[in-house]
Amino acid sequence: MRTSLSRNLALPLVCLIVATFMLGGRASRAQSPAWIDDYRDPAARLITEAQSSAFAWERLALLGDTFGHRLSGSEALENAIKWAVAEMKKDGLDNVRAEPVKVPHWVRGQESIEITTPFRSSLVMLGLGNSIGTPPEGVEAEVLVVRSFDELDAAGSSVRGKIVLLNVPFTSYSETVQYRSSGPSRAAKLGAVAALVRAVGPAGLRTPHTGALRYTEGVAQIPGAAIAVEDAERLQRMQNRGTKVRVRLKMDARLLPDADSANVIGEIRGRERPDDIVVVSGHFDSWDIGTGSTDDGGGCIVTWEALRLMKKLNLQPRRTVRVVLYTNEENGLAGGRAYLERHRGHLDKHVMMLESDSGVFKPTGFGFTGSAAARATVQEIATLLKGIQADQIGPAGGGADIGPSVEAGQLPAMSLEVDGNYFLIHHTPADTVDKIDPADMSKASAAIAVMAYVIADMPERLK
Ligand SMILES: [Zn+2]
């Protein structure tokens with residue numbers, strides 16, 4: 001109600017202003033404040049530089065080709081962290097460092113699942129992160145397929161002793177992911193001996209998606225695994241025909257003692273207010289399949305790239321721009337929590353935190369959460385990104401890793417928004433660099449560079 005009323009009043013006023021400027025021949029900049037004009041040239045230079053090469057994509061390809069996937073606790077992640085520190089130094093960034101973080105160390109080991117009755121046939125699976133393993137001979141039981149938690153609960157005592165399959169069609173990630181994270185404990189509560197979930201993602205080419213499960217305290221822990229959509233539907237059809245199906249699940253998965261890891265940090269120190277910090281970030285760990293190029297190697301490289309571009313063009317903003325490559329987003333969030341603990345004392349110096357963790361497909365703009373005044377400023381800055389069609393500011397911004405700090409400090413938060421099939425690829429063996437277009441990565445780097453530079457440099461702090 002209130003919105004439409006104020007819009008009714010505002011429209012004639014806006015028309016009048018636009019008409020006035022049109023008479024003066026300046027219609028396109030009718031509502032732009034003067035300060036933004038100072039940023040047209042640096043923004044254009046950052047965009048041109050980002051688009052002049054495929055540097056970001058090449059760096060992402062090198063990361064994946066050299067180290068492979070980067071699960072917390074793995075040697076690959078730690079080697080990649082050392083590489084990132086060395087590369088940031090080569091880029092000429094300031095205060096490059098690795099801030100130590102203890103991370104959970106889950107390992108998958110060998111795993112398989114096969115139908116044993118009415119005939120032998122193997123299925124495509126991925127154990128869920130943090131899952132316990134099975135005994136060496138595996139767990140064999142009859143399968144009970146359900147389409148929802150309601151169907152599971154309705155099955156009641158018939159769940160006991162079964163391997164439950166939660167065959168829930170993908171709607172949105174936020175809606176469907178609950179079946180992966182809490183499905184195993186919900187099934188265990190009713191006496192299931194293992195839980196399978198239909199891969200959480202749109203139907204792919206018989207490609208399962210891993211991801212973390214979360215055991216409910218006080219409930220027996222049972223092994224949990226994802227199976228491909230095609231296999232879940234097959235088991236569903238067999239059950240619908242009245243066929244009794246037994247499967248054997250074998251998983252070596254186990255949790256080892258916590259391991260040493262680190263958040264990687266690099267900066268461009270501010271020329272006037274170096275203690276004020278604008279953070280751009282991604283998470284450097286990935287699942288232990290594919291190369292974690294979309295989730296979230298790409299997010300790390302494009303945010304890091306924002307600083308490299310500024311450095312290359314000798315653009316030193318008034319405030320500090322800091323890139324953080326968080327560790328352990330996927331199965332613990334220890335990196336995001338450790339950042340908060342280490343920097344809690346000067347959270348108020350954090351001007352804004354941005355995370356890119358939705359893939360680096362064609363950028364459309366940013367999500368933003370913060371005050372109305374800050375939103376208006378961010379919207380103004382986004383007009384500098386019209387040329388690369390990345391000027392949309394969405395209703396909400398944030399990210400898993402920046403979450404703890406953003407919440408504790410009530411900080412403005414942003415996320416890179418992209419147009420791409422992220423949930424088809426992420427957490428699968430198909431998460432590799434060839435799914436990413438170098439031109440999209442250049443645009444994403446440019447958009448983040450312009451946004452971070454202007455927020456760090458503008459005369460007034462973002463409020
Ligand atoms: Zn991610």
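The values are calculated or read from the model by the stated rules, or taken from the named source; none is laboratory data. Keep in mind that this is a model prediction, so the values were computed, not measured. Positions of Cβ are backbone-derived with ideal geometry, glycine not excepted, and every protein chain shown enters the neighbour counts. These accessible areas exclude ligands, DNA and RNA; they are computed on the full protein's heavy atoms, side chains included. Shrake-Rupley method; radii C 1.70, N 1.55, O 1.52, S 1.80 Å.
Semi-axes of the equivalent ellipsoid for segment 137-232, please: Cα gyration tensor eigenvalues, times 5, square-rooted, ordered largest first, whole Å.
The answer is 20, 14, 13 Å, longest axis first.
Could you please state how large a percent of the accessible area of segment 220-346 is carbon and sulfur, counting protein chains only and using a 1.4 Å probe?
In segment 220-346, the share of accessible area belonging to carbon and sulfur is 43 percent.
Can you tell me the alpha carbon radius of gyration of segment 29-188 divided by the globular rule-of-thumb value 2.2 N^0.38 Å?
Expressed relative to 2.2 N^0.38 Å, the Cα Rg reads 1.65.
Ignoring ligands, DNA and RNA, what accessible area per residue does the chain give at 1.4 Å, in Å²?
Dividing the accessible area of the chain by its residue count gives 42 Å².
Using a Debye calculation, one point per C-alpha and no hydration shell, please list log10 I(q)/I(0) for the chain at q = 0.09 Å⁻¹ in order.
-0.64
Under the 0.36 nm per residue contour assumption, what length would be gained going from the current alpha-carbon distance of Asp275 and Lys89 to full extension?
64.9 nm
Residues in segment 403-431 near a label at Ala54, defined as backbone nitrogen under 19 Å from the 7 Å Cα→Cβ point?
Backbone N within reach: 431.
How much of the pair distance distribution for segment 48-136 lies past 20 Å, counting alpha-carbon pairs only, in percent?
59
For segment 311-355, what does the alpha-carbon gyration tensor say about shape, rounded, prolate or oblate, given a ≥ b ≥ c as the root eigenvalues, a/c under 1.5 as rounded, and a/b over b/c as prolate?
In terms of gyration-tensor shape, oblate.
If you project the alpha carbons of segment 192-273 onto their three principal axes, what span does each projection cover, largest first, in Å?
Principal extents (Cα only, largest first): 73, 32, 22 Å.
Amide H to amide H under 5 Å from Val96: which residues, 5+ apart in sequence or cross-chain, H placed 1.01 Å off N in plane?
Counting only residues 5 or more places away or on other chains, the set is Glu267.
Work out Dmax and Rg for segment 361-463 from the C-alpha atoms and quote the Rg first, both in angstrom.
14.6, 46
Residues of segment 76-98 with backbone nitrogen within less than 17 Å of a virtual label 7 Å along the Cα-to-Cβ line of Leu62, please, listed as ranges.
79-93
Considering Cα pairs under 8 angstrom that are at least six residues apart, work out the relative contact order of the chain and quote it in whole percent.
That works out to 20 percent.
Å³ per residue of the Cα convex hull, for segment 309-403?
On the way: hull volume 12.8 nm³, N = 95.
With only Cα atoms used, segment 309-403 gives 134 Å³ per residue.
Would you work out the charge dipole size for segment 73-178 about its Cα centre, treating the Cβ of every Lys and Arg as +1 and the Cβ of every Asp and Glu as -1, and quote it to the nearest 20 debye? Show your work: numbers first, answer last.
On the way: 10 positive and 15 negative charges, 42 e Å.
Using Cβ point charges on Lys, Arg, Asp and Glu, segment 73-178 gives about 200 debye.
Which order do the peptides 275-284, 437-446 take when ranked by the mean count of other beta-carbon atoms within 10 Å per residue, highest first?
Taking the mean over residues of other Cβ atoms within 10 Å, the ranking is 275-284, 437-446.
With r as the distance between the Cβ atoms of Val219 and Lys349 and R0 = 35 Å, compute the FRET efficiency 1/(1 + (r/R0)^6) and round to 0.05.
About 0.25, to the nearest 0.05.
How large is the Rg to Rh ratio of segment 228-345 when both quantities use alpha carbon positions and Rh follows Kirkwood?
We get a ratio of 1.23 for segment 228-345.
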